[in-house]
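Undergrad: Just dropping this structure here.
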Amino acid sequence: MTEKIEWYKEVLELEPNSKVFFPLARLLVEEGRTEEATGVLELGLARHDEFLEARLFLIELLYKTGQQSACEIQVKKLSRMFSAYSGFWQAWAATMTAENHGPDTAAVMRFLALNFAKGPVSL
C-alpha cells in the first residue's frame, strides 16, 4: 500500500492539478493517516472545488475527527448547492418510491425538496 501512496504523491508533485488526490486520500485513511488525508483533500479541493465526492469525503473525515469548525465550513458550501436544486430531492424521492425503498424515506426526500423550494417548513 505504501508504494501506491508514494506513487500518487509523485503524480501530484508532477501534476498538482491531477485528481489523484482523491484516491490518495482514500488510501491514506485505509492506512490510518486521517490527518494527512484531510490535508490532501483540502489541497485538492482548492484546485477542484467542483469535486463533489471528494468534498463529501472531507466532510465525513472532519466530522469523524471532531473538527467541527472546518466541517461546518464545508457543509455550508454543499448546503448552498443542494438547497438550490430542490428538483434533485424530488427526483431522489421518486427513485426511492420506484425502487420500493419505503414510503417514509421518499417522504423525507419530498419534505427536503419542499423546504428548499419554499423556505423553512415545519413538521
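Undergrad: Can you pull out the residues in region 67-102 that are part of a loop (DSSP other than H, G, I, E, B) and open to solvent by 60 Å² or more (accessible area, probe 1.4 Å)? Give the steps one after another, and end with the answer.
TA: Here is the first cut: in region 67-102, the residues part of a loop (DSSP other than H, G, I, E, B) are 67, 85, 99-102.
Passing the criteria: Gln67, Tyr85, Glu99, Asn100, His101.
Undergrad: Identify, please: which residue in region 67-123 is within 29 Å of Thr38 (Cβ to Cβ) and of a type in the set (Gly, Ala, Ser) and is, among those, nearest to the chain's Cα centre (by Cα)?
TA: In the first step, residues of region 67-123 are kept if they are within 29 Å of Thr38 (Cβ to Cβ); the result is 67-85, 88-89, 92, 112, 116.
If we keep only those that are of a type in the set (Gly, Ala, Ser) as well, we get 69-70, 79, 83-84.
Details: Ser69: 16, Ala70: 13, Ser79: 11, Ser83: 15, Ala84: 16 Å.
Taking the candidates together, the pick is Ser79.
Undergrad: Also, quick follow-up: I'd like the full set of residues that are among the acidic types (Asp, Glu), farther than 24 Å from Arg80 by Cα and either at pLDDT below 95 or open to solvent by less than 100 Å² (accessible area, probe 1.4 Å) (or both), limited to region 14-52.
TA: We begin by selecting, within region 14-52, every residue among the acidic types (Asp, Glu); these are 15, 30-31, 35-36, 42, 49-50.
Subsequent filtering for residues that are farther than 24 Å from Arg80 by Cα retains 15, 30-31, 35-36.
Once the filter is applied, which keeps residues that are among the acidic types (Asp, Glu), farther than 24 Å from Arg80 by Cα and either at pLDDT below 95 or open to solvent by less than 100 Å² (accessible area, probe 1.4 Å) (or both), region 14-52 yields Glu15, Glu31, Glu36.
Undergrad: So Arg55 clears everything in (1) within 30 Å of Lys118 (Cα to Cα); (2) of a type in the set (Lys, Arg); (3) at pLDDT 95 or above; (4) open to solvent by 30 Å² or more (accessible area, probe 1.4 Å) except one condition, right? Which one?
TA: (4)
The values are calculated or read from the model by the stated rules, or taken from the named source; none is laboratory data. Fair warning: this is a prediction, and the values are worked out from it, not measured in the lab. No Cβ is skipped: glycine too gets one built from the backbone with ideal geometry, and neighbour counts run over all protein chains shown. Each accessible area value is taken on the protein alone, full model and side chains, heavy atoms only, with ligands, DNA and RNA left out. Shrake-Rupley method; radii C 1.70, N 1.55, O 1.52, S 1.80 Å.
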